[in-house]
(Lines give C-alpha, C1' and ligand atoms only; values in the text may rest on other atoms or scores of the structure.)
Protein backbone atom coordinates (compact mmCIF):
# COMPACT_ATOMS: atom_id res chain seq x y z
CA UNK A 1 0.00 0.00 0.00
CA UNK A 2 1.01 3.61 -0.54
CA UNK A 3 0.62 6.47 1.91
CA UNK A 4 -1.58 9.24 0.54
CA UNK A 5 -0.72 12.37 2.53
CA UNK A 6 -3.30 14.56 4.22
CA UNK A 7 -4.23 17.59 2.20
CA UNK A 8 -6.83 19.66 0.39
CA UNK A 9 -7.90 19.71 -3.25
CA UNK A 10 -10.54 21.11 -5.56
CA UNK A 11 -12.91 18.25 -6.37
CA UNK A 12 -14.93 18.24 -9.56
CA UNK A 13 -14.76 19.26 -13.21
CA UNK A 14 -12.35 22.18 -13.63
CA UNK A 15 -13.05 22.22 -17.37
CA UNK A 16 -16.87 22.32 -17.24
CA UNK A 17 -17.01 19.67 -19.95
CA UNK A 18 -18.62 16.77 -18.11
CA UNK A 19 -22.01 16.07 -16.59
CA UNK A 20 -23.79 18.32 -14.11
CA UNK A 21 -23.08 15.89 -11.27
CA UNK A 22 -19.39 16.88 -11.50
CA UNK A 23 -20.25 20.40 -10.34
CA UNK A 24 -19.81 22.59 -8.44
CA UNK A 25 -16.05 22.33 -8.05
CA UNK A 26 -15.54 22.45 -4.28
CA UNK A 27 -12.71 22.29 -1.77
CA UNK A 28 -12.25 19.02 0.13
CA UNK A 29 -9.93 18.41 3.08
CA UNK A 30 -8.81 14.84 3.74
CA UNK A 31 -6.86 13.06 6.45
CA UNK A 32 -3.98 10.83 5.40
CA UNK A 33 -4.76 7.24 4.40
CA UNK A 34 -3.16 4.27 2.67
CA UNK A 35 -4.29 3.01 -0.74
CA UNK A 36 -3.52 -0.17 -2.65
CA UNK A 37 -0.85 0.54 -5.25
CA UNK A 38 -2.69 -1.70 -7.73
CA UNK A 39 -6.21 -2.90 -8.29
CA UNK A 40 -7.03 -6.09 -6.37
CA UNK A 41 -5.82 -8.98 -8.50
CA UNK A 42 -7.34 -12.31 -9.49
CA UNK A 43 -4.74 -14.04 -7.33
CA UNK A 44 -5.60 -11.97 -4.27
CA UNK A 45 -9.33 -12.54 -4.68
CA UNK A 46 -8.79 -16.28 -5.17
CA UNK A 47 -6.94 -16.38 -1.85
CA UNK A 48 -9.87 -14.64 -0.17
CA UNK A 49 -12.43 -17.06 -1.64
CA UNK A 50 -10.31 -20.13 -0.85
CA UNK A 51 -9.66 -19.11 2.74
CA UNK A 52 -13.17 -17.97 3.61
CA UNK A 53 -15.41 -20.05 1.35
CA UNK A 54 -17.04 -16.82 0.20
CA UNK A 55 -20.03 -17.50 -2.05
CA UNK A 56 -19.11 -15.73 -5.26
CA UNK A 57 -19.89 -16.45 -8.90
CA UNK A 58 -20.18 -14.35 -12.07
CA UNK A 59 -23.48 -14.07 -13.91
CA UNK A 60 -22.74 -16.82 -16.45
CA UNK A 61 -20.73 -20.03 -16.64
CA UNK A 62 -18.03 -21.34 -14.37
CA UNK A 63 -16.92 -18.71 -11.88
CA UNK A 64 -13.23 -18.64 -12.75
CA UNK A 65 -13.62 -19.37 -16.47
CA UNK A 66 -15.60 -16.17 -16.90
CA UNK A 67 -12.90 -14.16 -15.14
CA UNK A 68 -10.09 -15.85 -17.09
CA UNK A 69 -11.52 -14.73 -20.42
CA UNK A 70 -10.90 -11.10 -19.43
CA UNK A 71 -8.19 -11.35 -16.79
CA UNK A 72 -6.14 -14.40 -17.82
CA UNK A 73 -3.67 -14.54 -14.94
CA UNK A 74 -3.26 -14.01 -11.22
CA UNK A 75 -1.60 -10.62 -11.79
CA UNK A 76 -4.59 -9.22 -13.68
CA UNK A 77 -7.32 -7.17 -11.96
CA UNK A 78 -10.26 -9.08 -10.58
CA UNK A 79 -13.50 -8.54 -12.52
CA UNK A 80 -17.15 -9.61 -12.12
CA UNK A 81 -17.23 -8.33 -8.56
CA UNK A 82 -20.10 -6.27 -7.20
CA UNK A 83 -19.94 -3.75 -4.38
CA UNK A 84 -20.78 -6.39 -1.77
CA UNK A 85 -18.00 -8.67 -3.04
CA UNK A 86 -15.50 -5.82 -2.92
CA UNK A 87 -16.58 -4.83 0.58
CA UNK A 88 -16.35 -8.42 1.82
CA UNK A 89 -12.81 -8.74 0.48
CA UNK A 90 -11.81 -5.41 2.00
CA UNK A 91 -13.12 -6.39 5.43
CA UNK A 92 -11.28 -9.72 5.25
CA UNK A 93 -8.07 -7.86 4.41
CA UNK A 94 -8.55 -5.35 7.25
CA UNK A 95 -9.24 -2.57 4.80
CA UNK A 96 -12.22 -0.78 3.24
CA UNK A 97 -13.29 0.78 -0.04
CA UNK A 98 -12.23 4.39 -0.67
CA UNK A 99 -14.70 7.20 -0.42
CA UNK A 100 -15.33 8.98 -3.69
CA UNK A 101 -13.37 11.99 -2.41
CA UNK A 102 -10.42 9.83 -1.38
CA UNK A 103 -10.43 8.15 -4.77
CA UNK A 104 -10.34 11.41 -6.75
CA UNK A 105 -7.72 12.96 -4.46
CA UNK A 106 -5.47 9.91 -4.81
CA UNK A 107 -6.06 9.64 -8.56
CA UNK A 108 -4.97 13.24 -9.07
CA UNK A 109 -1.59 12.29 -7.63
CA UNK A 110 -0.90 15.67 -6.05
CA UNK A 111 -1.27 17.52 -9.37
CA UNK A 112 -3.72 20.40 -9.71
CA UNK A 113 -6.01 21.13 -12.64
CA UNK A 114 -5.37 18.17 -14.94
CA UNK A 115 -7.92 16.28 -16.96
CA UNK A 116 -6.12 12.91 -16.65
CA UNK A 117 -3.26 11.59 -14.50
CA UNK A 118 -1.02 11.96 -17.57
CA UNK A 119 -2.00 15.59 -18.19
CA UNK A 120 -4.75 17.20 -20.24
CA UNK A 121 -4.50 14.49 -22.90
CA UNK A 122 -4.31 10.71 -22.71
CA UNK A 123 -3.28 7.94 -25.13
CA UNK A 124 -3.25 4.17 -24.93
CA UNK A 125 0.38 4.41 -23.88
CA UNK A 126 -0.94 5.87 -20.62
CA UNK A 127 -3.83 3.54 -19.76
CA UNK A 128 -5.84 0.54 -20.94
CA UNK A 129 -9.05 1.84 -22.53
CA UNK A 130 -11.00 1.88 -25.80
CA UNK A 131 -9.19 4.40 -27.96
CA UNK A 132 -7.13 4.91 -31.07
CA UNK A 133 -3.35 4.66 -31.27
CA UNK A 134 -0.75 3.51 -28.81
CA UNK A 135 -0.51 0.06 -27.29
CA UNK A 136 -3.03 -2.42 -28.65
CA UNK A 137 -2.01 -5.56 -26.78
CA UNK A 138 -5.12 -5.54 -24.58
CA UNK A 139 -7.84 -4.53 -27.03
CA UNK A 140 -10.44 -6.87 -25.53
CA UNK A 141 -9.12 -7.69 -22.06
CA UNK A 142 -7.77 -6.11 -18.94
CA UNK A 143 -4.02 -5.56 -18.62
CA UNK A 144 -1.81 -6.93 -15.83
CA UNK A 145 -1.77 -4.51 -12.93
CA UNK A 146 1.13 -2.09 -13.07
CA UNK A 147 1.46 -2.22 -16.87
CA UNK A 148 1.34 1.56 -17.11
CA UNK A 149 3.26 4.35 -15.41
CA UNK A 150 2.22 5.29 -11.88
CA UNK A 151 0.82 8.69 -10.98
CA UNK A 152 2.44 11.20 -8.63
CA UNK A 153 1.50 9.17 -5.55
CA UNK A 154 2.88 5.95 -7.00
CA UNK A 155 -0.54 4.46 -7.85
CA UNK A 156 -1.03 2.42 -11.02
CA UNK A 157 -4.13 2.17 -13.23
CA UNK A 158 -6.19 4.79 -11.43
CA UNK A 159 -7.87 5.34 -14.78
CA UNK A 160 -8.59 2.62 -17.33
CA UNK A 161 -8.28 -1.15 -16.98
CA UNK A 162 -11.32 -1.63 -14.67
CA UNK A 163 -13.89 0.61 -13.05
CA UNK A 164 -13.30 0.82 -9.31
CA UNK A 165 -16.09 0.65 -6.75
CA UNK A 166 -16.15 3.40 -4.13
CA UNK A 167 -17.73 3.29 -0.70
CA UNK A 168 -20.29 6.00 -1.45
CA UNK A 169 -23.89 5.90 -2.46
CA UNK A 170 -24.45 7.98 -5.59
CA UNK A 171 -26.29 11.32 -5.51
CA UNK A 172 -26.03 13.58 -8.54
CA UNK A 173 -26.46 16.66 -6.32
CA UNK A 174 -24.06 15.63 -3.55
CA UNK A 175 -21.40 18.17 -4.50
CA UNK A 176 -23.80 21.01 -3.67
CA UNK A 177 -23.95 20.03 0.02
CA UNK A 178 -20.93 17.79 0.56
CA UNK A 179 -19.02 18.37 3.83
CA UNK A 180 -15.65 20.02 3.35
CA UNK A 181 -13.83 17.66 5.72
CA UNK A 182 -13.56 13.94 4.93
CA UNK A 183 -16.91 13.66 3.11
CA UNK A 184 -18.35 10.15 3.62
CA UNK A 185 -20.90 10.29 0.82
CA UNK A 186 -24.72 10.29 1.02
CA UNK A 187 -26.43 8.32 3.77
CA UNK A 188 -28.68 6.41 1.38
CA UNK A 189 -29.14 5.74 -2.31
CA UNK A 190 -29.93 3.13 -4.93
CA UNK A 191 -26.65 2.94 -6.88
CA UNK A 192 -23.01 2.97 -5.80
CA UNK A 193 -20.31 5.26 -7.16
CA UNK A 194 -17.62 3.87 -9.44
CA UNK A 195 -14.63 5.73 -10.80
CA UNK A 196 -11.81 5.55 -13.33
CA UNK A 197 -13.25 4.07 -16.50
CA UNK A 198 -12.39 0.67 -17.89
CA UNK A 199 -10.88 -1.30 -20.75
CA UNK A 200 -14.08 -1.13 -22.85
CA UNK A 201 -14.74 2.60 -22.36
CA UNK A 202 -13.49 5.66 -24.19
CA UNK A 203 -11.29 8.40 -22.78
CA UNK A 204 -14.13 10.65 -21.61
CA UNK A 205 -14.85 8.17 -18.84
CA UNK A 206 -11.21 8.27 -17.75
CA UNK A 207 -11.34 11.95 -16.82
CA UNK A 208 -10.40 12.41 -13.17
CA UNK A 209 -13.64 14.28 -12.45
CA UNK A 210 -15.94 11.76 -14.15
CA UNK A 211 -18.53 10.19 -11.87
CA UNK A 212 -20.34 6.98 -12.69
CA UNK A 213 -23.10 5.10 -10.92
CA UNK A 214 -24.27 1.54 -11.33
CA UNK A 215 -26.55 -0.86 -9.48
CA UNK A 216 -24.84 -3.34 -7.19
CA UNK A 217 -24.23 -6.09 -9.73
CA UNK A 218 -21.29 -7.97 -11.29
CA UNK A 219 -19.86 -6.56 -14.52
CA UNK A 220 -17.03 -7.57 -16.84
CA UNK A 221 -15.45 -4.12 -16.56
CA UNK A 222 -15.67 -3.73 -12.78
CA UNK A 223 -13.01 -4.29 -10.13
CA UNK A 224 -11.77 -2.39 -7.10
CA UNK A 225 -8.89 -1.41 -4.85
CA UNK A 226 -8.82 -0.85 -1.11
CA UNK A 227 -7.69 1.74 1.39
CA UNK A 228 -6.87 1.65 5.09
CA UNK A 229 -6.81 4.35 7.68
CA UNK A 230 -10.01 6.11 8.49
CA UNK A 231 -11.72 9.21 7.27
CA UNK A 232 -12.56 9.53 10.97
CA UNK A 233 -9.03 8.71 12.15
CA UNK A 234 -9.77 5.21 13.40
CA UNK A 235 -6.10 4.37 12.94
CA UNK A 236 -4.05 2.92 10.10
CA UNK A 237 -3.64 -0.67 9.02
CA UNK A 238 -0.75 -1.27 6.64
CA UNK A 239 -1.12 -4.50 4.67
CA UNK A 240 0.07 -5.65 1.26
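The values are calculated or read from the model by the stated rules, or taken from the named source; none is laboratory data. Since the structure is predicted, the reported quantities are computational estimates derived from the model, not experimental observations. Cβ placement follows ideal geometry from the backbone for every residue including glycine, while neighbour counts extend to all protein chains displayed.
Please specify each residue of the range 142-156 satisfying the condition of being more than 12 Å from residue 108 (Cα to Cα) and out of contact with any helix residue (DSSP H, G or I) (no Cβ under 6 Å at 6 or more places or on another chain). Residues satisfying the conditions are 143, 144, 145, 146, 147, 148, 149. Residues satisfying the criterion are present in the range 83-94 (criterion: assigned to a helix (DSSP H, G or I), closer than 22 Å to residue 169 by Cβ and in contact with a helix residue (DSSP H, G or I) (Cβ under 6 Å, 6 or more places away or on another chain)). The set of residues in the range 46-62 that are more than 15 Å from residue 223 (Cβ to Cβ) and at pLDDT below 80 comprises 57, 59, 60, 61, 62. Against the list (1) free of Cβ contacts under 8 Å to residues at least 60 places away in the same chain; (2) closer than 21 Å to residue 165 by Cα, the condition residue 85 fails is (1).
For (1) in a helix (DSSP H, G or I); (2) in contact (Cβ under 8 Å) with a residue 40 or more places away in the chain; (3) in contact with a strand residue (DSSP E or B) (Cβ under 8 Å, 6 or more places away or on another chain), each residue gets a yes or a no:
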| position | (1), (2), (3) |
| --- | --- |
| 10 | no, yes, yes |
| 13 | no, yes, no |
| 16 | no, no, no |
| 29 | no, yes, yes |
| 34 | no, yes, yes |
| 50 | yes, no, no |
| 72 | no, yes, no |
| 105 | yes, yes, yes |
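Quick one: would you say residue 186 is surrounded by fewer than 20 Cβ atoms within 10 Å (Cβ to Cβ), modelled with pLDDT of 95 or more, more than 24 Å from residue 80 (Cβ to Cβ) and touching a helix residue (DSSP H, G or I) at 6+ places or on another chain (Cβ under 9 Å)? Judged against the criteria, residue 186 is a match.
Among the residues of the range 195-212, those that are surrounded by 17 or more Cβ atoms within 10 Å (Cβ to Cβ) and over 13 Å from residue 161 (Cβ atoms) comprise 203, 207, 208, 209, 210, 211, 212.
Applying the criterion of being part of a loop (DSSP other than H, G, I, E, B) and in contact with a strand residue (DSSP E or B) (Cβ under 6 Å, 6 or more places away or on another chain) to the residues of the range 162-179, the residue that is surrounded by the most Cβ atoms within 10 Å (Cβ to Cβ) is 162. Modelled with pLDDT under 95 and crowded, with 20+ Cβ neighbours inside 10 Å: is that true of residue 105 in this structure? Answer is no for this residue. Would you say residue 223 is within 17 Å of residue 129 (Cβ to Cβ) and either over 15 Å from the mean Cα position of the chain (by Cα) or buried (at least 22 other Cβ atoms within 10 Å of the Cβ) (or both)? So residue 223 passes the test.
Right, residue 216: in a loop (DSSP other than H, G, I, E, B), surrounded by fewer than 23 Cβ atoms within 10 Å (Cβ to Cβ) and touching a strand residue (DSSP E or B) at 6+ places or on another chain (Cβ under 7 Å) or not? For residue 216, the condition - in a loop (DSSP other than H, G, I, E, B), surrounded by fewer than 23 Cβ atoms within 10 Å (Cβ to Cβ) and touching a strand residue (DSSP E or B) at 6+ places or on another chain (Cβ under 7 Å) - is met.
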